[in-house]
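Participant: Submitted below is the structure of interest, expressed as structure tokens.
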Amino acid sequence: NHLMQASRLEPGALKLHHVPVDTFALVAACIASIKPTAEAKRVHITSEIRPETPDVLGDAQYLQQVFLNLIGNAVKFSEPQANIWIRAGALDKRNRLTFSVVDTGPGILEEDQDKLFNKFYRGTTVREHLDGVGLGLSITKNIVEAHGGTIWVESQVGKGTVFSFTLPAVVPNGALANRKFN
């Protein structure tokens, strides 16, 4: 499925249905979907997305895939008893809302960070002991960029990882500019 999906998700190939998407409900549904896996691993997920967080403009099905992949990866790479937070930050100058998935996992080697979003790339420390083909982050990047956003990673080995991305917010007349939503 991932291989077929990846071929359809080349930049510019996505057919999106841009509508306002309730950010709070979207994140809550994604957490509920991943919760059994997290509980089995004794990983705690906390949403810091408030109900008043602006809607984002996009395709709900694809946006769900972005959150599920990033939260799922955080659970997958975290040790038992770890914590994961999903946050919304301030709007940028282009009225894009910044989201972050923060974990207390093992972190990502600096030399791997620039390659994480490449198709079929798997980090040096995970190749031998975790399943996967290295498509999830490439797909996630293509979806975010197709929505007019950007995605990046910040990580320190032994301290955890933060995947952040922007999505266009539904903001009437820019009234909420520079306000934080976490």
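The values are calculated or read from the model by the stated rules, or taken from the named source; none is laboratory data. What you are looking at is a predicted structure, and each value in this text was computed from that prediction instead of being measured. With ideal geometry, Cβ positions are generated from the backbone for all residues, glycine too; neighbour counts draw on all protein chains shown.
Participant: What number goes with the only condition from (1) within 30 Å of Pro172 (Cα to Cα); (2) surrounded by 20 or more Cβ atoms within 10 Å (Cβ to Cβ) that Ala82 does not pass?
Facilitator: Here Ala82 clears every test but (1).
Participant: Taking region 85-111 on its own, how many of its residues are outside any loop (DSSP other than H, G, I, E, B) and surrounded by fewer than 17 Cβ atoms within 10 Å (Cβ to Cβ)?
Facilitator: Summing the residues that are outside any loop (DSSP other than H, G, I, E, B) and surrounded by fewer than 17 Cβ atoms within 10 Å (Cβ to Cβ) in region 85-111 gives 4.
Participant: Please specify each residue of region 36-65 satisfying the condition of being touching a strand residue (DSSP E or B) at 6+ places or on another chain (Cβ under 7 Å) and outside any loop (DSSP other than H, G, I, E, B).
Facilitator: Ala38, His44, Ile45, Thr46, Ser47, Val56, Leu57, Gly58, Ala60, Leu63
Participant: If only one of Glu145, Glu154 is assigned to a helix (DSSP H, G or I) and at pLDDT 85 or above, which one is it?
Facilitator: Matching residue, one of Glu145, Glu154: Glu145.
Participant: Let me ask something else about it. Say we look at region 114-133 and pick out the residues that are touching a Gly at 6+ places or on another chain (Cβ under 9 Å) and modelled with pLDDT of 55 or more; which of these is nearest to Glu48 (Cα to Cα)?
Facilitator: Out of the qualifying residues, it is Leu116.
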